[in-house]
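Below is one structure, written out as structure tokens; the observations come after it.
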Amino acid sequence: MFAVAGAAQAPITSIADLRALPYEQAAENLPVDVTGIVTYFDPNVRHMGDPEGLVLHDGSAGSYASSSLPFPGRDRIRPGTRIRVTGVSNPRSYFPNIKNASVEVLGQGELPAPRPLGGRDLFSHTADSDWVEIEAVVVGVEPRGLAFTLVLEIDDRIFKAEIPETKDIQRRAAGLMQRRVRVQGVVGTIFNEALQLTGRHFFVPSIDHIIPLEGRLHAGDAPVQAIASLLQSSYNIEQLVRVRGVVTQSGDSGFYLRDESASTYVQAAEAAEYAPGSIVEVEGFAAVAPFRPVFRAARIQRMGETSLPAPALFDAAKGIDAVLHNDRVAVDCTFVALLLGLEGNVLQCSAGGTVFEAWLPVANRLAHSLKPGDRLRLTGIYEVTTSRPMPRVEWADGFRMHLARGGGIEILARAPWWTPERVLLAFGLAVAVLCIALIWGWQLRRRVAAQSAVISRQIEQGVIKDERERIARELHDTLEQELTGLSIQLGNLAPALDGDPQLAHQRLALARSMLQHCRNESRSSVSDLRDPHLLQRALPDAMRESLPAIASACEARFQFELHGTPQPLRATTQNHLLRIAREAVCNAARHATPRRIEVHLTYDSGAVTLEITDDGVGLDTSRKPPAGHFGLIGMRERANKIHAEFSLESTPGTGTKIRVRLPWSSPVAHPRPRK
């Protein structure tokens with residue numbers, strides 16, 4: 001809506017007029033159409049999130065122009081190119097500038113003469129985006145900028161200059177180190193969200209616009225000085241000097257150097273080329289820095305390689321040692337925590353009652369495995385710090401470590417698991433668990449008591465029910481069938497009394513035998529009812545207890561043998577096997593006059609087998625049992641009810657062998673599953 005409204009207005013044709021707009025008016029997307037000279041353009045850099053950006057000057061002022069689309073003819077754009085820029089006003093800058101810019105290349109011109117600028121004028125609001133020239137001293141380089149970044153010193157203030165990358169820029173920058181130069185470039189402004197000025201920097205079109213000035217460097221051989229003597233009262237700060245030593249560790253924009261007297265930090269344009277252990281000679285100037293001077297290199301010469309000197313072992317318990325500032329040391333400490341940052345990790349550690357930080361320039365896998373309480377030995381550069389306003393040696397009250405990119409971390413001992421915090425936590429948990437256990441135990445006892453009462457009632461009711469069912473089955477299997485047969489015989493007796501006394505006598509004798517058998521079965525059932533524990537025991541135990549008494553009636557020697565491992569049987573099935581065994585032993589004792597009765601109970605993988613053997617008079621198996629003898633018939637019926645195989649082997653004078661085999665496949669062999 002603003003763009004449409006703005007399009008109806010006459011475009012702004014002067015950068016000075018654009019910069020004079022109030023922010024509220026610039027926010028209306030007013031049309032802009034200006035023509036000027038490109039003072040800075042780096043095709044390899046993206047500015048403020050936009051793919052394209054450049055600075056142009058139209059003679060009245062300078063301005064930044066950006067576009068979300070690539071500039072047409074961008075390969076023809078370079079410093080000095082004359083262009084026409086159309087776009088709309090952008091209020092989100094220190095001064096309103098141009099956004100949504102469309103660029104038309106008009107031809108190649110020349111950069112205008114830069115406006116001379118002094119250090120006192122650098123923070124004037126009119127300097128923003130202006131094409132200027134200012135004197136400075138090149139004191140270093142820094143990585144991670146938008147482009148190649150030189151560090152400049154202007155009137156004892158530090159500023160940064162960004163220059164488009166070229167193949168030889170690092171070599172040429174090294175030749176400018178510690179040189180007084182004339183810088184030609186665009187003044188950039190660093191501002192906050194409220195559009196307030198917070199800093200200045202420079203956009204320099206090329207390394208050619210860093211022009212060395214004569215008079216800074218002294219001719220002749222520079223004298224060699226010990227690092228500990230730099231910036232002493234006899235030292236001339238304008239005098240070019242040399243220092244020699246061993247590189248102990250690399251830094252972001254230089255390296256740490258040690259000679260026999262002390263250590264210092266060397267600011268260098270090509271610091272990455274000098275690995276720890278390199279012997280170098282550095283030519284340059286000493287510069288003031290907290291606790292120990294640093295050295296700004298103008299020229300570096302490699303002289304060889306050597307083994308890295310052993311680090312000094314720093315004992316934090318003895319206090320801060322400012323003599324070791326910038327020296328390579330080893331310190332034994334306790335790991336506290338790990339802080340993660342965009343540019344590296346920070347280890348918080350404690351040693352000798354002092355908490356300090358150890359800086360890792362890059363992510364380190366070992367650092368991520370550390371646990372609070374681990375004992376470490378850190379090897380790196382020792383830097384003294386202070387919480388006081390001035391870095392006086394007597395006010396040094398802290399230190400930090402700068403670890404090498406390779407790590408410099410050695411684990412001396414892992415943290416014990418039983419820390420005081422964990423002991424207290426474990427004690428608290430144990431007390432809590434004990435309280436919960438006591439409460440749970442009390443509740444459990446109450447619930448168990450209640451459930452036991454319920455289960456007792458259910459068991460009692462179940463036992464009564466099972467006993468009733470067993471009695472009913474016994475009465476049905478014995479008394480009812482016997483009484484039914486007896487009733488039939490008595491019914492047949494009445495007609496025989498009148499017509500055939502002999503037949504009547506036979507039927508009466510048969511009825512008397514059936515009645516006797518019924519009495520015996522009833523007596524056995526009642527005996528079982530009087531001793532219910534007999535049926536609740538395992539089958540071998542029940543046989544050992546009940547069978548010998550039956551065999552003793554005929555004074556025969558009784559023997560019971562168990563083979564295999566007893567397996568549980570269904571109660572009714574066990575009862576039938578027990579009754580078969582008792583009936584067989586009873587028959588042998590009553591009718592066979594044996595000297596020996598043997599019972600064998602065998603458990604194997606396929607079946608349970610019961611064998612009852614006697615050496616009595618035997619019987620003829622080819623003939624039917626005599627009238628009134630129902631023992632064999634009852635045993636067969638019981639075997640049939642449990643799906644068992646029944647066999648009888650006997651001959652007159654050789655004894656009798658009864659065999660019952662119950663396969664485990666029988667549907668009534670195994671106990672009923674509990675519901």
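The values are calculated or read from the model by the stated rules, or taken from the named source; none is laboratory data. Because the structure is predicted, anything quoted here is derived from the model rather than measured. As a convention, Cβ positions derive from the backbone with ideal geometry for all residues, glycine included, and neighbour counts pool all protein chains shown. Each accessible area value is taken on the protein alone, full model and side chains, heavy atoms only, with ligands, DNA and RNA left out. Shrake-Rupley method; radii C 1.70, N 1.55, O 1.52, S 1.80 Å.
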**OP:** Check whether at least one residue in segment 327-339 is among the β-branched types (V, I, T), part of a strand (DSSP E or B) and closer than 17 Å to Q249 by Cβ, and report yes or no.
**Re:** yes
Original post:
Restricted to segment 217-239, and to residues that are in a loop (DSSP other than H, G, I, E, B) and under 23 Å from G304 (Cα atoms), which residue is most open to solvent (accessible area, probe 1.4 Å)?
Top reply: D221
Original post:
Restricting segment 152-174 to residues that are under 15 Å from F285 (Cα atoms) and surrounded by 15 or more Cβ atoms within 10 Å (Cβ to Cβ), which is modelled with the lowest pLDDT?
Top reply: A174
Original post:
Which numbered condition trips up W442, out of (1) within 27 Å of the chain's Cα centre (by Cα); (2) open to solvent by 90 Å² or more (accessible area, probe 1.4 Å)?
Top reply: (1)
Subject >> Selection status of G304, of a type outside the set (F, W, Y), open to solvent by 20 Å² or more (accessible area, probe 1.4 Å) and either out of contact with any strand residue (DSSP E or B) (no Cβ under 9 Å at 6 or more places or on another chain) or on the phi > 0 side of the Ramachandran plot (or both) >> reply: yes
Original post:
Does S124 count as closer than 24 Å to T198 by Cα and surrounded by fewer than 18 Cβ atoms within 10 Å (Cβ to Cβ)?
Top reply: yes
**OP:** Answer with yes or no whether A581 is under 19 Å from L632 (Cβ atoms) and modelled with pLDDT under 85.
**Re:** no
Original post:
Taking segment 252-279, which residues are under 22 Å from D168 (Cα atoms) and in a loop (DSSP other than H, G, I, E, B)?
Top reply: D252, S253, A268, A269, E270, Y274, A275
**OP:** Looking for whichever is in contact (Cβ under 8 Å) with a residue 40 or more places away in the chain, open to solvent by 20 Å² or more (accessible area, probe 1.4 Å) and under 45 Å from the mean Cα position of the chain (by Cα) here; the options are P311, P293. Which one fits?
**Re:** P311
Subject >> Meets criteria (closer than 30 Å to G36 by Cα, at pLDDT below 90 and surrounded by 12 or more Cβ atoms within 10 Å (Cβ to Cβ)) for G145 >> reply: yes
Subject >> Positions within segment 92-109 being over 56 Å from the mean Cα position of the chain (by Cα) and at pLDDT 90 or above, in sequence order >> reply: E104, V105, L106, G107, Q108
Original post:
Does segment 189-196 contain any residue that is under 23 Å from K160 (Cα atoms), touching a residue at least 24 places away in the same chain (Cβ under 8 Å) and open to solvent by 60 Å² or more (accessible area, probe 1.4 Å)?
Top reply: yes
Original post:
Going by the conditions given, is R388 open to solvent by 20 Å² or more (accessible area, probe 1.4 Å), out of contact with any strand residue (DSSP E or B) (no Cβ under 8 Å at 6 or more places or on another chain) and either closer than 23 Å to P416 by Cβ or charged (D, E, K, R) (or both)?
Top reply: yes
**OP:** Give me the pairs, please: first residue somewhere in segment 97-121 and within 15 Å of F202 (Cβ to Cβ), second residue anywhere and part of a strand (DSSP E or B) and hydroxyl-bearing (S, T, Y), beta-carbon distance under 7 Å, and either six or more positions apart or on two chains.
**Re:** L111/T39
Subject >> Residue ID - nearest to I237 (Cα to Cα), chosen from residues in segment 175-188 that are out of contact with any Asp or Glu (no Cβ under 9 Å at 6 or more places or on another chain) and open to solvent by 20 Å² or more (accessible area, probe 1.4 Å) >> reply: R179
Original post:
In this structure, is I381 within 22 Å of I320 (Cα to Cα) and either surrounded by 12 or more Cβ atoms within 10 Å (Cβ to Cβ) or touching a helix residue (DSSP H, G or I) at 6+ places or on another chain (Cβ under 6 Å) (or both)?
Top reply: yes
**OP:** Keeping to segment 410-428, report how many residues are within 21 Å of E357 (Cβ to Cβ) and either in contact (Cβ under 8 Å) with a residue 60 or more places away in the chain or open to solvent by 90 Å² or more (accessible area, probe 1.4 Å) (or both).
**Re:** 3
Subject >> First in segment 609-620 and in contact (Cβ under 8 Å) with a residue 40 or more places away in the chain and under 7 Å from K657 (Cα atoms), second anywhere and among the hydrophobic types (A, V, I, L, M, F, W, C) and assigned to a loop (DSSP other than H, G, I, E, B), Cβ under 7 Å, 6 or more apart >> reply: D614/A592
Subject >> Residues of segment 633-675 that turn out to be part of a loop (DSSP other than H, G, I, E, B), surrounded by 17 or more Cβ atoms within 10 Å (Cβ to Cβ) and over 60 Å from the mean Cα position of the chain (by Cα), as a count >> reply: 3
**OP:** Could you please let me know if L230 is closer than 22 Å to V137 by Cα, in contact with a Leu (Cβ under 7 Å, 6 or more places away or on another chain) and of a type outside the set (V, I, T)?
**Re:** no
Subject >> Given (1) acidic (D, E); (2) touching a helix residue (DSSP H, G or I) at 6+ places or on another chain (Cβ under 8 Å); (3) exposed (fewer than 13 other Cβ atoms within 10 Å of the Cβ), index of the condition D208 fails >> reply: (2)
**OP:** With the condition kept exactly as written, say whether any residue in segment 576-586 is in a loop (DSSP other than H, G, I, E, B) and either open to solvent by less than 20 Å² (accessible area, probe 1.4 Å) or in contact (Cβ under 8 Å) with a residue 60 or more places away in the chain (or both).
**Re:** no
Original post:
Would segment 213-235 turn up any residue that is aliphatic (A, V, I, L, M) and closer than 30 Å to F41 by Cα?
Top reply: yes
Subject >> Residue tally, condition open to solvent by less than 50 Å² (accessible area, probe 1.4 Å) and either among the hydrophobic types (A, V, I, L, M, F, W, C) or assigned to a helix (DSSP H, G or I) (or both), over segment 94-106 >> reply: 5
Original post:
Within the set of pairs 6 or more residues apart or between chains, which connect a residue that is of a type in the set (K, R) inside segment 542-565 to a residue that is not in a helix (DSSP H, G or I) with Cβ atoms less than 7 Å apart?
Top reply: R544/F560; R557/R595; R557/R596
